[in-house]
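The values are calculated or read from the model by the stated rules, or taken from the named source; none is laboratory data. Just so it is clear, the model here is predicted, and its values are computed rather than measured. A quick note on method: Cβ atoms are made from the backbone with ideal geometry, for glycine too, and the neighbour counts reach across all protein chains shown.
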Amino acid sequence: MAWPRPRKSGLVENMLNEADIITTLPVVDLERASEFYGKTLGLKEGEAMVGGRTFLTASGTSLFLYQRSATKADHTVLGFMVNDIEAEVTRLRTKGVTFEEYDIPEMNLKTVKGIATTEGVKSAWFKDTEGNILSVTQAPDSARTSRR
């Protein structure tokens, strides 16, 4: 992958506000995780990089996977914003993805068939082959805006 190039908008007070974000995830088995992100989730593999693999989305965001010993994250490490969560959950289930079921009263969060709805926001969580928790989320129609 070619690293994203910083935008050439001149000097700005907060350069991070103008920067692209790259998610970096540790994986125990790089080949297994690469197959999951490429074939199961359908992300496009970027150029090879020393120490890991990169994947790209059509929106321009990047994911870098690198191999290391097992780690434990008990929170969502990566989320995908989608326009139709039901369709995406169905598509991923046909590819063998299992969605988590949660019932967390103190957060007013309960999934039904893998999807939780809170104040109009719909989310579903699943794990990758390495145990990382990922999500798909659909914002309410009134909150959706185009980034590009």
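The condition (being farther than 20 Å from Val27 by Cα, assigned to a helix (DSSP H, G or I) and in contact (Cβ under 8 Å) with a residue 24 or more places away in the chain) is satisfied by just one residue among Glu106, Glu88: Glu88. Taking the criterion of being surrounded by 11 or more Cβ atoms within 10 Å (Cβ to Cβ) and of a type in the set (Ser, Thr, Tyr), the residues of the stretch 97-126 that qualify are Tyr102, Thr111, Thr117, Thr118, Ser123. Among the residues of the stretch 69-80, those that are surrounded by 14 or more Cβ atoms within 10 Å (Cβ to Cβ) and not aromatic (Phe, Trp, Tyr) comprise Val77, Leu78, Gly79. Is it true that some residue in the stretch 43-52 is closer than 18 Å to Phe99 by Cα, modelled with pLDDT of 90 or more and not assigned by TED's automatic domain parsing to the domain that holds Thr117? There is no residue in the stretch 43-52 that is closer than 18 Å to Phe99 by Cα, modelled with pLDDT of 90 or more and not assigned by TED's automatic domain parsing to the domain that holds Thr117.
When Glu47 is tested against (1) more than 19 Å from Leu134 (Cα to Cα); (2) surrounded by 11 or more Cβ atoms within 10 Å (Cβ to Cβ); (3) charged (D, E, K, R), just one condition goes unmet, and that condition is (2).
Only one entry in Ala58, Ala73, Ala2 is at pLDDT below 90, assigned to a loop (DSSP other than H, G, I, E, B) and either assigned by TED's automatic domain parsing to the domain that holds Thr129 or within 22 Å of Thr129 (Cα to Cα) (or both), namely Ala73. Considering the stretch 61-70, the residues that are part of a loop (DSSP other than H, G, I, E, B) and of a type outside the set (S, T, N, Q) include one that is farthest from Ile115 (Cα to Cα), namely Arg68.
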